[in-house]
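What follows is a single structure, written as structure tokens, with notes after it.
All of the numbers you see were taken from the coordinates with simple rules; none came from a lab. Nothing here was measured: the structure is a model prediction, and the numbers come from that model. We place every Cβ from the backbone using ideal geometry, glycine too, and count neighbours over all the protein chains shown.
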Amino acid sequence: MCTLEKRGNLFILTFTGEDQHRFNPNLIGSLLSLLSQVKAEATRGSALITQAQGKFFSNGFDLDWAQAAGSEQGAAERLHHMVALFKPVTAALLSLPMPTVAAITGHAAAAGFLLALSHDYLIMRKDRGVLYMSEVDIALTIPDYFNALFREKIGDASVRRDLLLRGLKMKGDEAEKRGVVEAAYDGEAEVREASVRLAENLGKRKWNGEVYAEIRKGLYPQLSAILGLTHKAYTIARL
Amino acid sequence: MCTLEKRGNLFILTLTGEDRHLFNPDLISSLLKLLSQVKAQATCGSALITQAQGKFFSYGFDLDWAQAAGSEQGAVKRLQHMADLFKPVIATLLSIPMPTIAAITGHAVAAGFTLALSHDYLIMRKDRGILWMPEVDIALTLPDYINALFKEMIGDASVRRDLLLRGLKMKGDEAEKRGVVKAAYDGEAEVREASVCLAENLGKRKWHGEVYAEIRKGLYPQLSAILGLSHKVYAIARL
């Protein structure tokens with residue numbers, strides 16, 4: 001499942017266990033609940049790191065659970081349900097009043113990749129793990145908010161095409177080179193350390209969290225609109 | 001203040017003096033007036049260079065003038081006023097019927113950076129000066145047209161995030177490498193020469209100014225919409 005701990009100014013959200021950390025309704029519910037907690041406890045200087053144990057960051061929605069519905073229509077409904085349930089998780093991350101870092105030490109696929117991409121900074125392993133949007137290979141179309149996130153977070157159209165239309169399994173060094181992640185390191189420990197370092201450095205800027213979140217939403221206007229996020233103007237906190 | 005001179009086909013707009021060239025209502029009006037003059041005097045082969053004297057290109061809106069209102073509410077009103085007054089300056093640059101170059105020989109900060117970014121080409125110093133959006137550090141959100149400008153002028157989402165969400169102070173060599181400016185040179189004279197050279201080369205193409213402006217607006221459709229710029233279709237000028 002997932003846990004939340006506080007380490008100084010850092011909130012650390014962890015997917016626990018050696019499994020694929022598939023997003024079924026329970027896990028999505030827990031994620032949402034923990035992110036709400038982070039938001040409620042935010043102060044100046046806070047930062048969030050999202051990480052996972054084991055070989056996977058997350059392999060996306062729980063398609064086994066979807067198929068356990070027993071019929072094609074039932075499976076489609078369950079998948080739809082998870083897509084709808086997950087949208088507020090993306091919204092919560094987009095409006096979180098602090099810098100966010102995804103520490104990707106394992107495979108991040110489909111909704112798992114989406115979760116990572118919903119963070120301000122992505123740090124990844126160079127030596128293991130891929131970023132992968134499997135939808136084209138398993139004949140699933142991409143939800144509107146997924147498309148909007150990719151469009152606004154990844155400026156390079158060729159990279160977006162390779163990820164979404166070609167189902168490229170992108171390793172850490174290519175991801176770093178092509179600007180999908182901020183940095184890639186050899187080894188799990190290095191990724192976790194670099195993520196903590198980055199989160200701490202960002203926290204030291206002591207940004208006003210609400211303003212930070214507004215500026216973030218301003219960077220991703222179409223995504224914000226699709227997620228139903230409203231805008232607020234702030235002026236003159238520190239003039 | 002600011003001055004306009006004509007040198008052959010080149011219009012040279014200069015922010016004069018050794019000060020920070022802060023955009024208060026007077027300077028903004030002067031800018032708008034001179035740009036309108038440039039627009040009126042445009043011919044085939046014209047080009048515009050915007051430059052500044054001293055250590056600063058511009059440090060943005062005059063926050064001292066805003067605070068001189070004497071109350072927080074008054075300061076907010078004055079800041080909003082400057083943001084509103086500045087919007088037509090950007091609109092004029094976006095629709096000016098000739099190629100435009102910003103010759104950045106000093107710090108371009110906040111609305112100063114925005115002014116530079118509203119030009120077709122940015123030339124900058126490598127050895128001195130930074131591009132900086134300090135709004136996240138001083139807890140100010142950005143007007144919609146400035147968000148739209150950054151979104152459509154800077155394709156790389158990581159660069160936009162670093163500039164707007166991280167308040168990165170970007171020097172010339174990084175700006176050139178990451179595609180924020182066209183080129184960076186060592187020294188003030190080199191920047192001015194390179195800008196004149198580029199302006200003259202662009203002018204030699206003898207582009208139809210109105211069509212040039214339409215094509216420019218077409219490159220930045222969302223920004224154009226927010227600025228209230230209309231579209232015109234031109235056919236058969238030279239077929």
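For chain B, state the average projected area of the convex hull of the C-alpha atoms over all orientations, rounded to one decimal in nm². Quarter of the Cα hull surface area: 12.5 nm². Each part gets one Cα centre, and for segment A:45-96 versus segment B:146-205 those centres are 39 Å apart. For segment A:79-84, 3J(HN,Hα) computed residue by residue from phi via the Karplus equation (6.51, -1.76, 1.60; θ = phi - 60°) reads 5, 4, 4, 5, 4, 5 Hz, glycine and proline entered as x. Can you pull the one-decimal nm distance between simple spin-label points at B:Lys6 and A:Glu193, each 7 Å off the Cα toward Cβ? About 6.5 nm, to one decimal.
Given R₀ = 56 Å, what would the calculated FRET efficiency be for B:Lys33 paired with A:Asn26, taking r from the Cβ atoms and rounding to 0.05? That gives a FRET efficiency of 0.30. Across the alpha-carbon set of segment B:81-138, the Rg to Rh ratio works out to 1.00, Rh being the Kirkwood radius. Normalised by residue count, the protein assembly as shown yields a Cα convex hull volume of 157 Å³ per residue. For A:Tyr185, the amide hydrogen comes within under 5 Å of the amide hydrogens of A:Met124, A:Arg125, A:Lys126, counting only partners 5 or more places away or on other chains and with H modelled in the peptide plane.
Per-residue ellipticity at 222 nm from helix content only, as computed over chain B with -39500 (n - 2.57) for each DSSP H run of at least four residues, stands at -13000 deg cm²/dmol. Spin-label model, A:Glu41 to B:Asp84: label points 7 Å out along the Cα-to-beta-carbon direction sit 4.4 nm apart.
Grab the Cα-Cα distance for A:Arg151 and A:Arg128, subtract it from 0.36 nm times how many residues apart they are, and report the gain in nm with one decimal. Length difference between fully extended and current span is 5.7 nm.
Look at A:Arg125, B:Arg166 and count the other Cβ atoms within 10 Å of each Cβ; fewest to most, that gives B:Arg166, A:Arg125. Extension gain, B:His208 to B:Lys55: 0.36 nm times the residue separation minus the Cα-Cα distance gives 51.5 nm. Counted over the protein assembly as shown, the DSSP beta bridges are approximately 30% antiparallel. The distance from the alpha carbon centre of segment A:197-214 to that of segment B:46-112 is 27 Å, rounded to a whole number.
Between B:Val233 and A:Arg205, the modelled labels are 4.5 nm apart [label points 7 Å from Cα along Cα→Cβ].
In chain A, the sites counted are GluC sites (Glu not before Pro) in DSSP loop states with at most 14 other Cβ atoms within 10 Å, and the longest stretch holding none of them, exclusive of the sites, is A:42-239.
Between the residues B:Thr16, A:Gly106, B:Thr141, the greatest Cα displacement towards the positive end of the dipole of the protein assembly as shown, with unit charges on the Cβ of Lys, Arg, Asp and Glu, is found for B:Thr16.
For a straight C-alpha distance cut-off of 19 angstrom, the aspartates and glutamates reachable from B:Lys77 (same-chain residues fewer than eight places away being disregarded) are B:Asp26, B:Asp62, B:Asp64, B:Glu135, B:Asp144. Stretching the chain fully between A:Thr141 and A:His81 yields a gain of 20.1 nm (0.36 nm per residue, less the alpha carbon separation).
Dividing the C-alpha radius of gyration of segment A:1-103 by 2.2 N^0.38 Å, with N its residue count, gives 1.16. In the calculated pair-distance distribution of chain A, the portion above 24 angstrom amounts to 43 percent of the Cα-Cα pairs. The magnitude of the dipole of the protein assembly as shown, with charges of +1 and -1 set on the Cβ of Lys/Arg and Asp/Glu and taken from the Cα centre, is near 840 debye. Taking every residue in B:131-143 and counting other chain Cβ atoms within 10 Å of its Cβ, the average works out to 6. With K and R counted +1 and D and E -1, the other residues having a Cβ less than 9 Å from that of A:Gly106 yield a net charge of +2. Note on chain A: helix-only mean residue ellipticity at 222 nm, from DSSP H runs of 4+ residues weighted -39500 (n - 2.57) and normalised by residue number, equals -13000 deg cm²/dmol. Counting only residues at least eight positions apart within a chain, or on another chain, the lysines with an alpha carbon under 27 Å from that of B:Lys126 are A:Lys177, B:Lys55, B:Lys151, B:Lys169, B:Lys171, B:Lys177, B:Lys182. Considering all C-alpha pairs of segment B:139-239, those separated by over 20 Å amount to 58%. Mean separation of Cα pairs under 8 Å and 6 or more residues apart, divided by the residue count, gives chain A a relative contact order of 22 percent. When both bridge partners sit in chain A, DSSP labels roughly 30% of those beta bridges antiparallel.
When each of A:Asp62, B:Asp173, A:Asp137 is scored by the number of other beta-carbon atoms lying within 10 Å, the sequence from fewest to most is A:Asp137, B:Asp173, A:Asp62.
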